[in-house]
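Take a look at the structure set out below.
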Amino acid sequence: MNRKIKRPLSALRIIGMIFTPLGALFVIVGAATIPLFKIHPESLSGKPEVFHGVFIGIGLIFVVLGIIFLYRSGKEYKKLQEAYDSGNYITARFNNANQDTNILINNRHPYIAEFMYLDQYTGIMHFYKSAPVMFDPTSALSGRDVKVYIHPNDPECYYADIEEILPEIRMH
């Protein structure tokens with residue numbers, strides 16, 4: 001398996017992509033104003049050290065949090081890719097697709113496809129969810145089976161490969 005799976009846009013990744021540059025901007029503003037206030041000390045009432053400390057301190061906190069969020073998001077993606085690369089999959093039947101009202105992208109809610117798999121040995125019914133897609137996949141997935149790749153060391157980490165079945169979508 002050499003194909004790269006699509007990287008899901010998780011909340012951690014979005015927050016990390018916002019916090020890191022925003023924190024860097026705060027650090028730059030805080031550090032860049034140090035020489036300005038030394039040249040023109042009358043331009044700031046109060047203590048300039050507090051201004052610099054607050055900007056640089058908050059900026060560093062944002063940068064560190066952003067990097068942590070991006071790292072965790074990357075780790076999750078790496079685990080999904082490992083699940084896919086392992087080739088260890090089950091075939092699950094499409095159950096339904098629902099809009100995820102917790103996510104709003106361009107004023108639209110994405111759909112999450114749900115799949116079910118009955119373990120013949122234990123009799124336990126397992127349910128798996130796909131990554132969000134921006135259209136209703138019900139017509140393309142009805143009555144179809146999907147490969148769900150399961151991480152060999154963590155059965156809670158899985159990747160439902162709907163890209164294999166769904167057609168390429170181009171919005172106009």
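The values are calculated or read from the model by the stated rules, or taken from the named source; none is laboratory data. Here the structure is a predicted model, which means the values were calculated and not measured. Quick reminder, even Gly has a Cβ in these numbers, built from the backbone with ideal geometry, and neighbours come from all protein chains shown.
Observations
- Filtered residues of the range 101-135 (kept if in contact with a Lys or Arg (Cβ under 9 Å, 6 or more places away or on another chain) and among the charged types (D, E, K, R)): Glu114
- Looking across the range 110-125, not a single residue is surrounded by 18 or more Cβ atoms within 10 Å (Cβ to Cβ) and on the phi > 0 side of the Ramachandran plot.
- Some residue of the range 58-80 being without any contact (Cβ under 8 Å) to a residue 40 or more places away in the chain and touching a Gly at 6+ places or on another chain (Cβ under 6 Å): yes
- Residue match in the range 126-138 (condition: farther than 14 Å from Pro8 by Cβ, at pLDDT 90 or above and surrounded by fewer than 10 Cβ atoms within 10 Å (Cβ to Cβ)): no
- Every residue from the range 74-106 that is assigned to a loop (DSSP other than H, G, I, E, B) and among the hydrophobic types (A, V, I, L, M, F, W, C): Ile103, Leu104
- Of everything listed in (1) of a type in the set (Lys, Arg); (2) farther than 17 Å from Gly66 by Cβ; (3) surrounded by 14 or more Cβ atoms within 10 Å (Cβ to Cβ), the single unmet condition for Arg13 is (2).
- Filtered residues of the range 90-109 (kept if surrounded by fewer than 18 Cβ atoms within 10 Å (Cβ to Cβ) and touching an Asp or Glu at 6+ places or on another chain (Cβ under 9 Å)): Ile90, Thr91, Arg93, Asn95, Asn96, Asn98, Gln99, His109
Residue by residue, here is whether (1) modelled with pLDDT of 90 or more; (2) among the hydrophobic types (A, V, I, L, M, F, W, C); (3) assigned to a helix (DSSP H, G or I) holds:
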{"residue": "Asn2", "(1), (2), (3)": "no, no, no"}
{"residue": "Leu12", "(1), (2), (3)": "no, yes, yes"}
{"residue": "Ile28", "(1), (2), (3)": "yes, yes, yes"}
{"residue": "Pro35", "(1), (2), (3)": "no, no, yes"}
{"residue": "Gly46", "(1), (2), (3)": "no, no, no"}
{"residue": "His52", "(1), (2), (3)": "no, no, yes"}
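- Within the range 138-169, being touching a residue at least 60 places away in the same chain (Cβ under 8 Å) and assigned to a strand (DSSP E or B) holds for Tyr149, Ile150, Tyr158, Tyr159, Ala160.
- Inter-residue pairs, beta-carbon under 9 Å, first closer than 16 Å to Glu168 by Cβ and in the range 117-137, second hydrophobic (A, V, I, L, M, F, W, C) and surrounded by fewer than 10 Cβ atoms within 10 Å (Cβ to Cβ), 6+ apart: Met134/Met171; Phe135/Met171
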